[in-house]
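Inspection log for the structure reproduced underneath, given as C-alpha coordinates.
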Amino acid sequence: MKQILDIKPLDIIPFPKGFIIVKVDGRDSQGNLKITFLAFDISSNQLTHSTKSVYLLSKFGPAFKPISEQIGDYISCAVGILPSKRIHVVYPTGEMGTFDVDGTLLWTGDLLYHDSPVRSIAVDEKFIWCTVPKHNSIIRYSPTLKKVDFRIGGEKSSVFGKPMSISKINNYLYVCNKDSHSISQVNLENFVVSEYKKFDEPVLRYINIQDVEVVVLSSGIYIL
(Lines give C-alpha, C1' and ligand atoms only; values in the text may rest on other atoms or scores of the structure.)
Protein backbone atom coordinates (compact mmCIF):
# COMPACT_ATOMS: atom_id res chain seq x y z
CA MET A 1 0.00 0.00 0.00
CA LYS A 2 1.49 3.31 -1.11
CA GLN A 3 0.47 6.65 0.34
CA ILE A 4 -0.10 9.44 -2.20
CA LEU A 5 -1.09 12.23 0.20
CA ASP A 6 -1.35 12.39 3.98
CA ILE A 7 -4.62 14.38 3.91
CA LYS A 8 -8.33 13.68 3.77
CA PRO A 9 -9.52 15.33 0.53
CA LEU A 10 -12.77 17.25 0.33
CA ASP A 11 -13.57 15.11 -2.70
CA ILE A 12 -11.99 12.50 -4.93
CA ILE A 13 -13.34 11.44 -8.33
CA PRO A 14 -12.03 9.25 -11.15
CA PHE A 15 -11.12 10.66 -14.54
CA PRO A 16 -9.76 8.83 -17.62
CA LYS A 17 -6.08 8.96 -16.61
CA GLY A 18 -6.48 8.54 -12.86
CA PHE A 19 -8.22 10.60 -10.22
CA ILE A 20 -8.76 14.22 -9.21
CA ILE A 21 -8.88 15.42 -5.62
CA VAL A 22 -10.00 18.65 -3.99
CA LYS A 23 -7.58 19.74 -1.27
CA VAL A 24 -7.92 22.48 1.33
CA ASP A 25 -5.12 24.99 0.88
CA GLY A 26 -5.60 27.35 3.81
CA ARG A 27 -7.98 30.30 4.08
CA ASP A 28 -8.18 33.70 2.41
CA SER A 29 -8.22 37.06 4.20
CA GLN A 30 -11.99 36.75 4.77
CA GLY A 31 -11.62 33.35 6.38
CA ASN A 32 -13.02 31.39 3.44
CA LEU A 33 -11.47 28.07 2.49
CA LYS A 34 -8.97 28.12 -0.36
CA ILE A 35 -8.99 24.94 -2.41
CA THR A 36 -6.62 23.31 -4.87
CA PHE A 37 -7.41 20.73 -7.55
CA LEU A 38 -4.83 17.99 -8.02
CA ALA A 39 -4.73 15.19 -10.59
CA PHE A 40 -2.95 11.87 -10.18
CA ASP A 41 -1.96 10.10 -13.41
CA ILE A 42 -2.01 6.32 -12.94
CA SER A 43 0.32 5.54 -15.85
CA SER A 44 3.03 8.07 -14.94
CA ASN A 45 2.49 7.90 -11.17
CA GLN A 46 2.61 11.69 -11.08
CA LEU A 47 0.59 14.19 -9.03
CA THR A 48 0.07 17.54 -10.78
CA HIS A 49 -2.14 20.60 -10.47
CA SER A 50 -5.48 20.46 -12.26
CA THR A 51 -8.28 22.97 -12.83
CA LYS A 52 -11.79 23.51 -11.58
CA SER A 53 -13.19 22.96 -15.10
CA VAL A 54 -11.51 19.55 -15.49
CA TYR A 55 -12.82 18.53 -12.08
CA LEU A 56 -16.37 19.67 -12.87
CA LEU A 57 -16.38 18.01 -16.29
CA SER A 58 -15.16 14.73 -14.79
CA LYS A 59 -17.79 14.88 -12.04
CA PHE A 60 -20.93 16.17 -13.81
CA GLY A 61 -20.26 15.54 -17.49
CA PRO A 62 -20.70 18.01 -20.39
CA ALA A 63 -23.50 19.93 -18.60
CA PHE A 64 -21.19 20.78 -15.69
CA LYS A 65 -21.45 24.56 -16.10
CA PRO A 66 -25.23 25.02 -15.68
CA ILE A 67 -25.40 22.30 -13.01
CA SER A 68 -22.55 23.69 -10.89
CA GLU A 69 -23.99 27.21 -11.19
CA GLN A 70 -27.40 26.05 -9.97
CA ILE A 71 -26.28 23.93 -7.03
CA GLY A 72 -23.55 26.24 -5.73
CA ASP A 73 -21.82 23.64 -3.55
CA TYR A 74 -20.37 21.35 -6.20
CA ILE A 75 -17.85 19.65 -3.89
CA SER A 76 -19.72 17.93 -1.06
CA CYS A 77 -22.29 16.22 -3.29
CA ALA A 78 -22.10 12.75 -4.86
CA VAL A 79 -23.06 12.35 -8.52
CA GLY A 80 -24.48 9.45 -10.52
CA ILE A 81 -25.13 9.53 -14.27
CA LEU A 82 -27.62 6.90 -15.42
CA PRO A 83 -27.69 5.30 -18.91
CA SER A 84 -30.60 7.65 -19.66
CA LYS A 85 -28.01 10.48 -19.28
CA ARG A 86 -29.94 11.97 -16.37
CA ILE A 87 -27.61 13.29 -13.70
CA HIS A 88 -28.48 12.66 -10.04
CA VAL A 89 -26.86 14.75 -7.32
CA VAL A 90 -27.07 13.77 -3.63
CA TYR A 91 -25.79 15.71 -0.61
CA PRO A 92 -24.93 14.21 2.81
CA THR A 93 -28.09 15.91 4.12
CA GLY A 94 -30.18 13.73 1.78
CA GLU A 95 -31.04 16.63 -0.52
CA MET A 96 -31.24 15.35 -4.09
CA GLY A 97 -31.54 16.91 -7.54
CA THR A 98 -32.10 15.39 -10.98
CA PHE A 99 -30.87 17.14 -14.13
CA ASP A 100 -31.23 16.34 -17.81
CA VAL A 101 -28.36 16.07 -20.28
CA ASP A 102 -28.44 19.85 -20.85
CA GLY A 103 -28.27 20.68 -17.15
CA THR A 104 -31.93 21.58 -16.69
CA LEU A 105 -33.23 20.80 -13.20
CA LEU A 106 -36.03 18.24 -13.50
CA TRP A 107 -36.69 17.38 -9.86
CA THR A 108 -35.48 18.20 -6.38
CA GLY A 109 -36.36 16.75 -3.00
CA ASP A 110 -35.00 14.80 -0.05
CA LEU A 111 -33.84 11.20 -0.35
CA LEU A 112 -34.33 9.78 3.14
CA TYR A 113 -34.62 6.29 4.56
CA HIS A 114 -36.62 6.07 7.79
CA ASP A 115 -36.12 9.84 8.14
CA SER A 116 -32.33 9.49 7.87
CA PRO A 117 -30.28 11.05 5.05
CA VAL A 118 -28.40 8.90 2.56
CA ARG A 119 -24.86 9.37 1.30
CA SER A 120 -22.91 8.58 -1.85
CA ILE A 121 -24.15 7.15 -5.18
CA ALA A 122 -23.39 4.03 -7.20
CA VAL A 123 -25.25 3.64 -10.49
CA ASP A 124 -26.69 0.18 -11.22
CA GLU A 125 -28.46 0.32 -14.60
CA LYS A 126 -31.76 2.15 -13.92
CA PHE A 127 -31.20 2.26 -10.13
CA ILE A 128 -28.90 4.07 -7.76
CA TRP A 129 -27.45 2.65 -4.53
CA CYS A 130 -26.72 4.83 -1.52
CA THR A 131 -25.49 4.28 2.03
CA VAL A 132 -27.49 5.08 5.17
CA PRO A 133 -24.86 5.44 7.92
CA LYS A 134 -27.34 5.94 10.75
CA HIS A 135 -29.17 2.70 9.91
CA ASN A 136 -25.99 0.76 9.07
CA SER A 137 -27.38 -0.19 5.68
CA ILE A 138 -27.36 0.45 1.95
CA ILE A 139 -30.48 1.06 -0.12
CA ARG A 140 -31.44 0.76 -3.77
CA TYR A 141 -33.47 3.68 -5.09
CA SER A 142 -35.54 3.87 -8.28
CA PRO A 143 -35.44 7.40 -9.74
CA THR A 144 -38.33 6.47 -12.05
CA LEU A 145 -40.62 5.38 -9.22
CA LYS A 146 -39.01 7.78 -6.72
CA LYS A 147 -38.89 5.16 -4.01
CA VAL A 148 -36.55 2.76 -2.21
CA ASP A 149 -37.21 -0.80 -3.36
CA PHE A 150 -34.44 -2.78 -1.67
CA ARG A 151 -32.25 -2.64 1.45
CA ILE A 152 -29.25 -4.58 2.74
CA GLY A 153 -28.21 -4.35 6.37
CA GLY A 154 -29.88 -2.65 9.32
CA GLU A 155 -29.29 -1.09 12.72
CA LYS A 156 -29.02 -4.47 14.44
CA SER A 157 -27.00 -6.07 11.64
CA SER A 158 -23.21 -6.44 11.64
CA VAL A 159 -22.96 -6.79 7.86
CA PHE A 160 -21.68 -3.19 7.60
CA GLY A 161 -19.95 -0.87 10.06
CA LYS A 162 -21.32 2.66 9.48
CA PRO A 163 -21.14 2.66 5.66
CA MET A 164 -19.98 6.05 4.37
CA SER A 165 -19.61 5.59 0.61
CA ILE A 166 -20.39 3.14 -2.15
CA SER A 167 -19.11 2.39 -5.65
CA LYS A 168 -19.92 -0.15 -8.35
CA ILE A 169 -17.29 -2.07 -10.32
CA ASN A 170 -18.44 -4.74 -12.73
CA ASN A 171 -21.17 -6.69 -10.92
CA TYR A 172 -20.13 -5.78 -7.39
CA LEU A 173 -20.77 -2.97 -4.96
CA TYR A 174 -17.93 -1.82 -2.71
CA VAL A 175 -19.00 -0.26 0.57
CA CYS A 176 -16.56 1.70 2.73
CA ASN A 177 -17.16 1.33 6.47
CA LYS A 178 -16.01 3.95 8.94
CA ASP A 179 -16.47 1.98 12.18
CA SER A 180 -15.44 -1.53 11.09
CA HIS A 181 -12.40 -0.21 9.15
CA SER A 182 -13.26 -2.34 6.15
CA ILE A 183 -14.52 -2.45 2.59
CA SER A 184 -17.49 -4.75 2.07
CA GLN A 185 -18.20 -6.39 -1.29
CA VAL A 186 -21.80 -6.99 -2.38
CA ASN A 187 -22.45 -9.48 -5.18
CA LEU A 188 -25.28 -8.01 -7.27
CA GLU A 189 -26.31 -11.42 -8.57
CA ASN A 190 -27.27 -12.82 -5.17
CA PHE A 191 -26.73 -9.83 -2.79
CA VAL A 192 -24.28 -11.80 -0.65
CA VAL A 193 -22.04 -9.50 1.39
CA SER A 194 -18.43 -10.38 2.16
CA GLU A 195 -15.42 -8.54 3.54
CA TYR A 196 -13.17 -7.36 0.70
CA LYS A 197 -10.41 -5.46 2.53
CA LYS A 198 -9.58 -4.77 6.17
CA PHE A 199 -7.60 -1.80 7.50
CA ASP A 200 -6.40 -0.40 10.82
CA GLU A 201 -8.39 2.83 10.50
CA PRO A 202 -11.69 4.14 9.07
CA VAL A 203 -12.24 3.70 5.33
CA LEU A 204 -13.95 6.65 3.66
CA ARG A 205 -13.75 6.11 -0.11
CA TYR A 206 -12.79 3.44 -2.63
CA ILE A 207 -12.36 3.85 -6.39
CA ASN A 208 -10.88 1.66 -9.10
CA ILE A 209 -9.22 3.14 -12.20
CA GLN A 210 -7.72 0.85 -14.84
CA ASP A 211 -7.63 -1.94 -12.22
CA VAL A 212 -5.69 0.29 -9.84
CA GLU A 213 -7.37 0.44 -6.42
CA VAL A 214 -7.40 3.74 -4.53
CA VAL A 215 -8.67 4.20 -0.97
CA VAL A 216 -9.15 7.21 1.27
CA LEU A 217 -8.42 6.38 4.91
CA SER A 218 -8.45 8.71 7.89
CA SER A 219 -4.70 9.19 7.45
CA GLY A 220 -4.72 9.96 3.73
CA ILE A 221 -4.96 8.63 0.18
CA TYR A 222 -3.40 5.29 -0.74
CA ILE A 223 -2.93 3.05 -3.76
CA LEU A 224 -3.37 -0.59 -2.82
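The values are calculated or read from the model by the stated rules, or taken from the named source; none is laboratory data. The model shown is predicted, which means the values in this text are computed figures rather than measured ones. Neighbour counts run over all protein chains shown; Cβ positions are idealised from the backbone, glycine included.
Within the stretch 179-210, the set of residues being in contact (Cβ under 8 Å) with a residue 60 or more places away in the chain and either touching a His at 6+ places or on another chain (Cβ under 6 Å) or more than 23 Å from F40 (Cβ to Cβ) (or both) comprises just one member, L188.
Those strands (runs of 3 or more DSSP E) of the stretch 171-224 in which at least 3 residues are within 16 Å of V132 (Cα to Cα), considering only elements entirely within it, cover 172-177, 182-187, 203-209.
Report yes if some residue within the stretch 70-81 is touching a His at 6+ places or on another chain (Cβ under 6 Å) and either at pLDDT 95 or above or surrounded by 17 or more Cβ atoms within 10 Å (Cβ to Cβ) (or both); otherwise report no. Within the stretch 70-81, one or more residues are touching a His at 6+ places or on another chain (Cβ under 6 Å) and either at pLDDT 95 or above or surrounded by 17 or more Cβ atoms within 10 Å (Cβ to Cβ) (or both). Within the stretch 9-41, restricting attention to residues that are surrounded by fewer than 18 Cβ atoms within 10 Å (Cβ to Cβ) and in a loop (DSSP other than H, G, I, E, B), the residue that is modelled with the highest pLDDT is L10. Entry remark, the stretch 114-139: residues being touching a helix residue (DSSP H, G or I) at 6+ places or on another chain (Cβ under 8 Å) and among the β-branched types (V, I, T) number 0 in total. Output the residue which, of all residues in the stretch 140-170 that are in a strand (DSSP E or B) and touching a helix residue (DSSP H, G or I) at 6+ places or on another chain (Cβ under 8 Å), is surrounded by the most Cβ atoms within 10 Å (Cβ to Cβ). That would be P163.
Quick grid of which residues meet (1) modelled with pLDDT under 95; (2) over 14 Å from the mean Cα position of the chain (by Cα); (3) within 19 Å of H88 (Cβ to Cβ); (4) of a type in the set (D, E):
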{"site": "L112", "(1), (2), (3), (4)": "yes, yes, yes, no"}
{"site": "P143", "(1), (2), (3), (4)": "yes, yes, yes, no"}
{"site": "K146", "(1), (2), (3), (4)": "yes, yes, yes, no"}
{"site": "R151", "(1), (2), (3), (4)": "no, yes, yes, no"}
{"site": "G154", "(1), (2), (3), (4)": "yes, yes, no, no"}
{"site": "M164", "(1), (2), (3), (4)": "no, no, yes, no"}
{"site": "L173", "(1), (2), (3), (4)": "no, no, yes, no"}
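In this structure, G72 qualifies as within 30 Å of Y222 (Cα to Cα) and small (G, A, S). Among the residues of the stretch 42-69, those identified as touching a residue at least 24 places away in the same chain (Cβ under 8 Å), exposed (fewer than 14 other Cβ atoms within 10 Å of the Cβ) and part of a loop (DSSP other than H, G, I, E, B) are S43, P62. The residue that is surrounded by the fewest Cβ atoms within 10 Å (Cβ to Cβ), among those in the stretch 115-139 that are of a type outside the set (A, V, I, L, M, F, W, C) and over 16 Å from Y91 (Cα atoms), is E125.
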